[in-house]
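Enquirer: Got a structure here, written out as C-alpha cells. Questions coming.
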Amino acid sequence: MAKPELVPIPPQPLDRFRALLGDAYEEIERVAVRAREAFAGRAIWHVNSTARGGGVAELLQSMLPYVRSAGVDTRWAVLRESAEFFRLTKRIHNRLHGNDGDGGPLGEEERALYESTLRRSGEELARLCQRGDVIYLHDPQTAGLVPIAKRAGLKVVWRCHVGVDRPEETARSAWDFLRPYVAQADALVFSRRQYLWEGLDESKLWLMPPVIDPFSPKNRELGPETVEAILKEVGLALPAETKVVIQVSRWDRLKDPLGALALLDGHLPDPAVHLVLAGPEASGVADDPEGQRVLAEASAAWQGMAPEHRGRAHLFALPMDDLEENAAMVNALQRRADVILQKSLAEGFGLTVAEAMWKRRPVVASGVGGIKDQVADGETGILVSDPRDLAGFGAAIEAILGDPAR
C-alpha cells in the first residue's frame, strides 16, 4: 500500500462550450457563479482507483478541469493499493453487474482485508482534507472510506457507476457487503434509478448519467488524412473499400471480446468486413487485475480462428503511457469505423456508445443497462436484446452495412 496519488487537474476553459450551446451556455455561467459561492473556502475531492483506463478515470479527466476553471477548488486522489485488494474489488465490481467473476467469496476474511486496506488510505486522505470539504467516493473500491470520511468531518457523496436492471443473488451479495459503508453517505449518486439498491435511503438519491467531453482528444474532429496517419501508427492498414466494425473497451469479460470474435465465424460472412477489437494496454490499468488474462484469452481465441477469419480480425492493446496519444488512437479508430459495436454482457453506461454517436457512426449494441437509455432502438442505433445472440448481432451489422443511406 502506498499513499493516495494526487492527480494534477489543469483547468480547461468553460467558454469553449459557448459556440456549441448558444444561448444555453448562460445556464453554465449561472451555475458556475452559484458553485463559487457555495464552495467558497472548501474543496471538492474525488477519489477513485485509477487515473488511466476505464470510464470513471476518463470522466474525471474530462470533467474536473471545467470545475477548476469555474473557480471551484477541485482535487483528485487515486488509491494505490495491493494487487490482493484490487482482486477483491474486481470481484465486487463483477457481482454488482450480476456476474460471479472469479467466483471467490465475500466473507469475513475479505471484509477484514477491505477494511484494513482502506483504513490506512482513509487516514492519509483525512490528513489532506479539511472539515467541511466535500468528497466524492467512486465505486466499490472506495465505499469503505465513507465512515472514515464522515468521522473526519467531510460531506460524503458515494458515486456508483455500475449496476444491473434485474438484481439476483449475485448482485445482492455485493450490496450486502458494501451497504454498511454506503448507507452512511450524505448523498448517493447513481447513473440510473434502476441501479439503486434495496435498503438504501432514496431521499439521498441523485441521478446523474455519465457524459463525454466533445473537446477532449478522444472526441475532437479529425480529418481523413490525420485518421489515416494515426491508424498507420497503430498498425491498422486496410483498403479503403474494407468495411470495418470496431469495438473499443477495456479487456473485461463483461465486454465479451470472445463473443465479438465469434461473429466472424458464420455471422459476418462478407470477406470485405473486418472486425477490430481495441483496448488499453492491460498493464496500464492498475485497478483491473483481470485485464491481462482477458487479453490473453482473446489473443488465444484469435490464434485458434480459421485462417480466413483470423485475417479479418485485428486486436490492438493501445499504449497508456501517453493518455493524449491513446485518446487520439481511439478517436481515429472510431472515425474509421463503418459500425461501432458494443457487445457488452452488462454495462453501467456505455461511454463508447456516446462517443460513436457524437462521431456520427452507427451503433450496434447489447440492449442492457445504461445503453438502453442512450440508444433509441432502430432510430439512433440497433439494440440486440440478448447480448449473447450472435445471429442477432450479425444480422444487425449486415443490415446497416448493406444500407449506406440508413
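The values are calculated or read from the model by the stated rules, or taken from the named source; none is laboratory data. Note that the coordinates shown come from a computational prediction; the quantities given were computed from them, not determined experimentally. All Cβ positions, glycine included, derive from the backbone under ideal geometry; neighbour counts span all protein chains shown. Accessible surface areas use protein heavy atoms only, side chains included; no ligands, DNA or RNA. Shrake-Rupley method; radii C 1.70, N 1.55, O 1.52, S 1.80 Å.
Enquirer: From the set of residues in region 269-283 that are small (G, A, S) and at pLDDT below 95, which is most open to solvent (accessible area, probe 1.4 Å)?
Expert: Here the residue is S283.
Enquirer: List the strands (runs of 3 or more DSSP E) that sit entirely inside region 198-282 and contain at least 3 residues that are farther than 14 Å from Q334 by Cα.
Expert: The strands (runs of 3 or more DSSP E) meeting that bar are 205-207.
Enquirer: Further question on the same structure: Return yes when A38 is of a type in the set (G, A, S) and open to solvent by 30 Å² or more (accessible area, probe 1.4 Å) and no when it is not.
Expert: Working: of a type in the set (G, A, S): yes; open to solvent by 30 Å² or more (accessible area, probe 1.4 Å): yes.
Yes: the conditions hold for A38.
Enquirer: Scanning region 64-105 for residues that are among the aromatic types (F, W, Y) and in contact with a Pro (Cβ under 9 Å, 6 or more places away or on another chain), which turns out nearest to A171 (Cα to Cα)? Steps first, please.
Expert: The initial filter retains those residues of region 64-105 that are among the aromatic types (F, W, Y), namely 66, 76, 85-86.
Retained after the next criterion (residues that are in contact with a Pro (Cβ under 9 Å, 6 or more places away or on another chain)): 66, 76, 86.
Numbers: Y66: 34, W76: 29, F86: 18 Å.
Among residues in region 64-105 that are among the aromatic types (F, W, Y) and in contact with a Pro (Cβ under 9 Å, 6 or more places away or on another chain), the one nearest to A171 (Cα to Cα) is F86.
Enquirer: Take the conditions buried (at least 16 other Cβ atoms within 10 Å of the Cβ) and touching a helix residue (DSSP H, G or I) at 6+ places or on another chain (Cβ under 7 Å) and apply them to E84. Does it pass?
Expert: Considered against the rule, which asks whether it is buried (at least 16 other Cβ atoms within 10 Å of the Cβ) and touching a helix residue (DSSP H, G or I) at 6+ places or on another chain (Cβ under 7 Å), E84 comes out as no.
Enquirer: If you don't mind, there's one more thing I want to ask. State which residue pairs qualify: first residue modelled with pLDDT of 95 or more and inside region 166-190, second residue polar (S, T, N, Q) in any location, beta carbons under 8 Å apart, and separation of 6 or more residues or different chains.
Expert: Taking only residues 6 or more apart or on different chains, the pairs are T170/N99.
Enquirer: Right, another one. Which numbered condition in (1) in contact with a Cys (Cβ under 9 Å, 6 or more places away or on another chain); (2) surrounded by fewer than 21 Cβ atoms within 10 Å (Cβ to Cβ) is the only one that D139 fails?
Expert: Unmet condition: (2).
Enquirer: Of (1) at pLDDT 95 or above; (2) open to solvent by 40 Å² or more (accessible area, probe 1.4 Å); (3) of a type outside the set (A, V, I, L, M, F, W, C), G259 satisfies all except one. Which?
Expert: Failing condition for G259: (2).
Enquirer: Given the criterion among the small types (G, A, S), open to solvent by 20 Å² or more (accessible area, probe 1.4 Å) and within 28 Å of L96 (Cβ to Cβ), identify the matching residue among A354, A346. Write out each step before concluding.
Expert: On the way: A346 fails: open to solvent by 20 Å² or more (accessible area, probe 1.4 Å).
None of the other options fit; the residue is A354.
Enquirer: Which one of P289, P269 is over 19 Å from K359 (Cα atoms), of a type outside the set (V, I, T) and without any contact (Cβ under 8 Å) to a residue 24 or more places away in the chain?
Expert: The unique qualifying residue is P269.
Enquirer: Give the residue, chosen from A43, A70, A51, A57, that is buried (at least 16 other Cβ atoms within 10 Å of the Cβ) and in contact with a Cys (Cβ under 8 Å, 6 or more places away or on another chain).
Expert: Testing whether each residue is buried (at least 16 other Cβ atoms within 10 Å of the Cβ) and in contact with a Cys (Cβ under 8 Å, 6 or more places away or on another chain) leaves just A43.
Enquirer: Those residues that are exposed (fewer than 11 other Cβ atoms within 10 Å of the Cβ) and in contact (Cβ under 8 Å) with a residue 12 or more places away in the chain, I need them from region 9-31; list them, please.
Expert: Result: P10, L20.
Enquirer: Quick one: which of G98, G41 is under 20 Å from the mean Cα position of the chain (by Cα), small (G, A, S) and farther than 17 Å from A143 by Cα? Reasoning before the result, please.
Expert: Working: G41 fails: under 20 Å from the mean Cα position of the chain (by Cα).
After applying the criteria, what remains is G98.
Enquirer: Also, quick follow-up: Sort through R388, R406 and tell me the only one that's of a type in the set (K, R), in a loop (DSSP other than H, G, I, E, B) and modelled with pLDDT of 95 or more.
Expert: R388
Enquirer: Could you run through region 284-340 and say how many residues are among the small types (G, A, S), surrounded by 15 or more Cβ atoms within 10 Å (Cβ to Cβ), over 21 Å from the mean Cα position of the chain (by Cα) and assigned to a helix (DSSP H, G or I)?
Expert: Residues in region 284-340 being among the small types (G, A, S), surrounded by 15 or more Cβ atoms within 10 Å (Cβ to Cβ), over 21 Å from the mean Cα position of the chain (by Cα) and assigned to a helix (DSSP H, G or I): 1 in total.
Enquirer: If K232 passes every condition in (1) within 30 Å of L79 (Cβ to Cβ); (2) free of Cβ contacts under 8 Å to residues at least 40 places away in the same chain but one, which one does it miss?
Expert: Of everything listed in (1) within 30 Å of L79 (Cβ to Cβ); (2) free of Cβ contacts under 8 Å to residues at least 40 places away in the same chain, K232 misses just condition (1).
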